[in-house]
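J.: Quick one: structure below, then a few questions.
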Amino acid sequence: MQFSAAQIALLINGKIEGDANAAVGSFGKIEVAGAGQLAFLANPKYEEHLYTTGASVVIVNETLELKQPVKSTLIRVADAYSAFASLLTKYQEIEAQQLSGIQEPSYIATTATIGEKVFIGAFAYVGEGVVLGNNVKIHPQVYLGKNVRIGDNTILHPGVKIYHDCVIGKNVTIHAGTVIGGDGFGFAPQADGTFQKVPQIGNVEIEDFVEIGVNAAIDRATMGSTIIRKGAKLDNLIQVAHNVDVGHHTVIAAQAGISGSTRIGNGVMIGGQAGIVGHLQIADGAKINAQSGVTKSIKSPGGAVTGTPAYDYTSALRSQAISRNLPEMEKRLKELEEQIRQLLAEKV
Amino acid sequence: MQFSAAQIALLINGKIEGDANAAVGSFGKIEVAGAGQLAFLANPKYEEHLYTTGASVVIVNETLELKQPVKSTLIRVADAYSAFASLLTKYQEIEAQQLSGIQEPSYIATTATIGEKVFIGAFAYVGEGVVLGNNVKIHPQVYLGKNVRIGDNTILHPGVKIYHDCVIGKNVTIHAGTVIGGDGFGFAPQADGTFQKVPQIGNVEIEDFVEIGVNAAIDRATMGSTIIRKGAKLDNLIQVAHNVDVGHHTVIAAQAGISGSTRIGNGVMIGGQAGIVGHLQIADGAKINAQSGVTKSIKSPGGAVTGTPAYDYTSALRSQAISRNLPEMEKRLKELEEQIRQLLAEKV
Amino acid sequence: MQFSAAQIALLINGKIEGDANAAVGSFGKIEVAGAGQLAFLANPKYEEHLYTTGASVVIVNETLELKQPVKSTLIRVADAYSAFASLLTKYQEIEAQQLSGIQEPSYIATTATIGEKVFIGAFAYVGEGVVLGNNVKIHPQVYLGKNVRIGDNTILHPGVKIYHDCVIGKNVTIHAGTVIGGDGFGFAPQADGTFQKVPQIGNVEIEDFVEIGVNAAIDRATMGSTIIRKGAKLDNLIQVAHNVDVGHHTVIAAQAGISGSTRIGNGVMIGGQAGIVGHLQIADGAKINAQSGVTKSIKSPGGAVTGTPAYDYTSALRSQAISRNLPEMEKRLKELEEQIRQLLAEKV
């Protein structure tokens, strides 16, 4: 697709300086972009590149004062970065929406219901009773088990696997290799040392506008539902156990893990590789530092913790700092002991 | 499938109160179950729901004393939860066994041997010389490399990948996206800073009744076998390196990792995100706390450890508690130093 | 394939003792190998097996002095282990190169360019504009998005997914289930508590001779490239975030995670389950211990760190050792306090 500077200015409500007919077909970083590319300049640190860039069009902040002549067409907006990002988003949406039709071979059960403008890639498996909304994009090699429901505009990247009876909302994006609805890890220990599997007959419900990264695992509930609420964002390789409830607009970084039945509030931030034990309550807006091991509920909204076992962020940092000086502290203690020993000896 | 209260009572050795012909076709939680559903009540905390539930049949403990009239048919058993769980297990087994036949398109090498009542889903790949026992269920998009052997009644969920020459026992369940038999991570450093790959020509052997979660990685041995023994249960996203030996009925929680050649005993419990370095011995019944980093063998059976590096659980908890008070301890130390300084000064 | 002792001796520059016509067709460990198998003896600890092994041919060190008669044909070389490993490597390369042709059904876009002696397995997806070099092996169920380029001799194991526009070098090996080029985790917080996705329009570039394990996640750059440089080796379940740059011949163990825009130098060693926060610089040759949480750049080449937050390896070990004795230290402090209290009391 080719766009003129004038068309772009219209989309982002910008003011053109230079050739309004300059045409671009792709995006580039300002320092390497060439003819036919669109770049942006937000950080004044990179201003020098504006005077040498080969980009045909550059989006800049309206407050920018030029120090040298510029060859590119400029589009001035209130916030160059956010204008550029929203353009990119629109571009990707348009591109995604162009995908439609059914590639062969794919497997679509006769009892499945398929909305309009749906894309189903080659080697995708759409099971019995599956319902796909409008504009759903099922990439190659995706698996949808019996009775899975997928809302409008949702994108499932290659190789996503969704077990039977799970429900995915609208405008959800799930990245390649992620598995939704595997059995929760429930085994009842028996007297003879073996385990009896606890059947996992619940499902997973993922609400609208959720995004989940690559190769993550969201287990189905034992009974009821494991829930990922509206607008939550989960990174790669994350573990969400059975019956967990993740609040809306909560963000979870890569490789974090949440154990069974824990309820995470809204707007919580969970750092990478953090772990949370089962059956806890994490208050709204809590901040859990990377690699923390949370063993107790966080009750106060916005509470921040770090460490394993995790506790109050500020106290923990202070203790961590002192713990680095333990050899020094040990030395001071020895000196005191020696001094006291002498004082006591002198008394005799 | 529909079952009458009488049929269910027979299966779980229960005593009926109410309409023995009440029919159910699915399971539900007592607080939300409706007509045609089977629920259970085990925890007295939820007894109130028994008097309002819409469930047609409810399994209860034989000791339960009713405080109000009940509309549902009751089935009294010694242990309501375990009766319900065993019913569910039977139900899922029946459902799984109904799956059979070969979906198209799938790829089955002419040299593969296929048992009776086998299911092979669409887009599954069954390589040269593969042997599938009876009742094996190979879900869509599974890959079985050359000479893989799969025992009777084993279920491989969608997208499982098993490299050549690996051996999977009977009644094993492996969840979606898990990879069995990838190359162990072996690279010999060379004088010039590069690495020579150490070929990994062993395999993986998984014994009977093992269950492995979603997106896990069990690497093949350099030579010989990486072994997961009878009845072990592994959760999602677990790493098991080359030549590891996991004992029977050992349980490993999500995102834990075990480095090369380590031998884990029988009945060991390994918490989530724990890591164990290579070439260790972990005694039978050992307990490794979540997020621990185990750097030494655990020699005493039943030994419990926590922390990184991990050591004795009780001592570690005590040290962790004190380490939280380090700022306080540091203050006390300073006070002592000041007092001693004064005492010494006074002496002069 | 069958080889005679004479052929093998020629390949590894060895000297035969015994029957030069002894034939072998597979490899075995010396303690269990049987007729028709090739074994090696490198570690003198296992010498006893040399006198009882059933292996037809055994590779040994040239310095070995026999203490008993041996039935197997021996091949003496300078370094038995490395000779055996290089034989295995050659064997696996020959085997891999025998794979060629296109299995059906597979999906190959008409605009894709396919080199010579390429293998494309069943259910593999080769998108628009993809370029495959010579001898490339695309195993079953692999996905290659639009414009992906794969260099000569590269092997993609079953189920690997590579998103559009990523570039993979020559002689690269990527194991099953790994996803290259998923979206970086970028979401700009909005005033109303929601998040706006930051489009990820860069790609991933993987240079020659890289090997990546099972079920790993290497995200595409926001703009520009996430880069894994020549000869780097990454283990299973690793997370590499957007815009990370991993230096050449760096080794990363399983389940480690690297956050966005961090630059890892050359020849760095990163232990299992370690985490590195974003926007750091890790100097060449740095050593990051398993489970460390690196929160600051490592500036000195070869610097070693451990702990969370990570700091100098040697100091950290010392502090960790003392922290185990905290209960003891606390007791000593109490005693001192009591003694001082008495001294002060006596003064009055």
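The values are calculated or read from the model by the stated rules, or taken from the named source; none is laboratory data. Quick caveat: nothing in here was measured; it's all calculated off a predicted structure. Heads up, the Cβs are rebuilt from the backbone with ideal geometry, glycines too, and the neighbour counts pull from every protein chain shown. Surface accessibility is based on the protein's heavy atoms, side chains included, excluding ligands, DNA and RNA. Shrake-Rupley method; radii C 1.70, N 1.55, O 1.52, S 1.80 Å.
J.: Which members of the range A:8-18 meet the condition of being open to solvent by 50 Å² or more (accessible area, probe 1.4 Å) and at pLDDT below 95?
T.: Of everything in the range A:8-18, those that are open to solvent by 50 Å² or more (accessible area, probe 1.4 Å) and at pLDDT below 95 turn out to be A:Leu10, A:Leu11, A:Asn13.
For (1) closer than 20 Å to B:Asn236 by Cα; (2) of a type outside the set (Ser, Thr, Tyr); (3) under 24 Å from the mean Cα position of the chain (by Cα), each residue gets a yes or a no:
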position: A:Gly247; (1), (2), (3): no, yes, yes
position: A:Gly257; (1), (2), (3): yes, yes, yes
position: A:Gly265; (1), (2), (3): no, yes, yes
position: A:Val277; (1), (2), (3): yes, yes, yes
position: A:Lys296; (1), (2), (3): no, yes, no
position: A:Gly302; (1), (2), (3): no, yes, yes
position: A:Thr308; (1), (2), (3): no, no, yes
position: A:Arg341; (1), (2), (3): no, yes, no
position: A:Glu346; (1), (2), (3): no, yes, no
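J.: Just a yes or no: is a residue in the range B:94-102 open to solvent by less than 80 Å² (accessible area, probe 1.4 Å) and part of a loop (DSSP other than H, G, I, E, B)?
T.: Taking the range B:94-102 first, the residues open to solvent by less than 80 Å² (accessible area, probe 1.4 Å) are B:94-97, B:99-101.
Filter again for part of a loop (DSSP other than H, G, I, E, B), leaving B:99-100.
For the range B:94-102, residues open to solvent by less than 80 Å² (accessible area, probe 1.4 Å) and part of a loop (DSSP other than H, G, I, E, B): present.
J.: Oh, and also: Filter the range B:75-93 down to residues that are hydroxyl-bearing (Ser, Thr, Tyr) and within 24 Å of B:Asp19 (Cβ to Cβ) and give me whichever is most open to solvent (accessible area, probe 1.4 Å).
T.: Only one residue fits best here, namely B:Tyr81.
J.: Can you tell me which residue among A:Ile201, A:Ile206, A:Ile228 is among the β-branched types (Val, Ile, Thr) and in contact (Cβ under 8 Å) with a residue 40 or more places away in the chain?
T.: A:Ile206
J.: Consider the range C:251-276. How many of its residues are crowded, with 24+ Cβ neighbours inside 10 Å and facing another protein chain (nearest Cβ under 10 Å)?
T.: Here the count works out to 13.
J.: I'm checking my understanding of the structure. Among residues of the range B:189-213 that are of a type in the set (A, V, I, L, M) and within 7 Å of chain C (Cβ to nearest Cβ), which one is farthest from B:Val136 (Cα to Cα)?
T.: Ranking the qualifying residues of the range B:189-213, first place goes to B:Val198.
J.: How many residues does the range C:187-204 hold that are open to solvent by less than 10 Å² (accessible area, probe 1.4 Å) and closer than 17 Å to A:Glu93 by Cα?
T.: So the answer is 3.
J.: Further question on the same structure: Those residues that are surrounded by 16 or more Cβ atoms within 10 Å (Cβ to Cβ) and farther than 17 Å from A:Gln7 by Cα, I need them from the range A:65-74; list them, please.
T.: A:Val70
J.: Restricting the search to the range B:220-248, which residues are part of a loop (DSSP other than H, G, I, E, B), more than 9 Å from chain A (Cβ to nearest Cβ), closer than 17 Å to B:Gly275 by Cα and aliphatic (A, V, I, L, M)?
T.: B:Ile238, B:Ala241, B:Val244
J.: Would you mind stating whether C:Ile16 is in contact (Cβ under 8 Å) with a residue 12 or more places away in the chain, more than 30 Å from C:Val118 (Cα to Cα) and in contact with a Gly (Cβ under 8 Å, 6 or more places away or on another chain)?
T.: no
J.: Here's a follow-up. I need every pair where a residue in the range B:257-286 that is in contact (Cβ under 8 Å) with a residue 60 or more places away in the chain has its Cβ under 7 Å from the Cβ of a residue that is open to solvent by 20 Å² or more (accessible area, probe 1.4 Å), sequence separation at least 6 or different chains.
T.: Here the result reads B:Gly260/B:His242; B:Gly260/B:Asn243; B:Gly260/B:Gly278, each pair linking the range B:257-286 to a residue that is open to solvent by 20 Å² or more (accessible area, probe 1.4 Å).
J.: If you don't mind, there's one more thing I want to ask. Among B:Ala254, B:Ala310, which is the only one that is touching a residue at least 12 places away in the same chain (Cβ under 8 Å) and under 21 Å from A:Pro189 (Cβ atoms)?
T.: B:Ala254
J.: Checking C:Thr314 against (1) assigned to a helix (DSSP H, G or I); (2) of a type in the set (Val, Ile, Thr); (3) open to solvent by less than 40 Å² (accessible area, probe 1.4 Å), which single condition isn't satisfied?
T.: C:Thr314 satisfies every listed condition except (3).
J.: Criterion first (modelled with pLDDT of 95 or more, under 24 Å from the mean Cα position of the chain (by Cα) and not assigned by TED's automatic domain parsing to the domain that holds B:Ala33) does B:Val130 satisfy it?
T.: No; evaluated as a whole, the condition is false for this residue.
J.: All but one of (1) crowded, with 23+ Cβ neighbours inside 10 Å; (2) within 14 Å of chain C (Cβ to nearest Cβ) hold for A:Cys166, so report the exception by its number.
T.: With (1) crowded, with 23+ Cβ neighbours inside 10 Å; (2) within 14 Å of chain C (Cβ to nearest Cβ) applied to A:Cys166, the lone miss is (2).
J.: Please specify each residue of the range C:110-147 satisfying the condition of being open to solvent by less than 10 Å² (accessible area, probe 1.4 Å) and within 12 Å of another protein chain (Cβ to nearest Cβ).
T.: C:Gly121, C:Ala122, C:Phe123, C:Ala124, C:Val126, C:Gly127, C:Pro140, C:Gln141, C:Val142, C:Leu144, C:Gly145, listed by residue number.
J.: Okay, moving on. Count, please, the residues in the range B:19-45 that happen to be more than 10 Å from every other protein chain (Cβ to nearest Cβ), part of a strand (DSSP E or B) and either over 12 Å from B:Ile8 (Cα atoms) or at pLDDT below 90 (or both).
T.: Adding up the residues that qualify gives 2.
J.: Something else about it: What's the number of the condition C:Ala188 fails, among (1) assigned to a loop (DSSP other than H, G, I, E, B); (2) among the hydrophobic types (A, V, I, L, M, F, W, C); (3) at pLDDT below 95?
T.: Unmet for C:Ala188, out of (1) assigned to a loop (DSSP other than H, G, I, E, B); (2) among the hydrophobic types (A, V, I, L, M, F, W, C); (3) at pLDDT below 95: (1).
J.: Can you tell me which residue in the range A:278-306 is least open to solvent (accessible area, probe 1.4 Å), limited to those that are in a loop (DSSP other than H, G, I, E, B), of a type in the set (Gly, Ala, Ser) and more than 26 Å from A:Asp219 (Cα to Cα)?
T.: Within the range A:278-306, the first condition is being in a loop (DSSP other than H, G, I, E, B), and the residues that meet it are A:278-280, A:283-286, A:289-292, A:295-297, A:299-303.
From the residues that got through so far, the ones that are of a type in the set (Gly, Ala, Ser) too are A:278, A:283, A:285-286, A:290, A:292, A:297, A:300, A:302-303.
Now narrow it down to the ones that are more than 26 Å from A:Asp219 (Cα to Cα): A:300, A:302-303.
Numbers: A:Ser300: 70, A:Gly302: 39, A:Gly303: 14 Å².
In this case the residue turns out to be A:Gly303.
J.: Testing B:Ser82 on (1) of a type outside the set (Val, Ile, Thr); (2) farther than 30 Å from B:Asp152 by Cα; (3) in a helix (DSSP H, G or I), one condition comes back false. Which one is that?
T.: (2)
J.: Within the range B:34-54, can you find the residues that are buried (at least 16 other Cβ atoms within 10 Å of the Cβ) and touching a helix residue (DSSP H, G or I) at 6+ places or on another chain (Cβ under 9 Å)?
T.: If the condition is that a residue be buried (at least 16 other Cβ atoms within 10 Å of the Cβ) and touching a helix residue (DSSP H, G or I) at 6+ places or on another chain (Cβ under 9 Å), then B:Leu38, B:Ala39, B:Phe40, B:Leu41, B:Ala42 are the ones that fit.
J.: Looking only at residues in the range A:317-342 that are within 7 Å of another protein chain (Cβ to nearest Cβ) and open to solvent by 70 Å² or more (accessible area, probe 1.4 Å), which one is farthest from B:Thr306 (Cα to Cα)?
T.: Restricting to residues being within 7 Å of another protein chain (Cβ to nearest Cβ) and open to solvent by 70 Å² or more (accessible area, probe 1.4 Å), the top hit is A:Arg318.
J.: So which residues in the range A:212-232 are of a type in the set (D, E, K, R) and either outside the structural domain of A:Ser259 (by TED's automatic domain parsing) or open to solvent by 20 Å² or more (accessible area, probe 1.4 Å) (or both)?
T.: Within the range A:212-232, A:Arg229, A:Lys230 meet the criteria.
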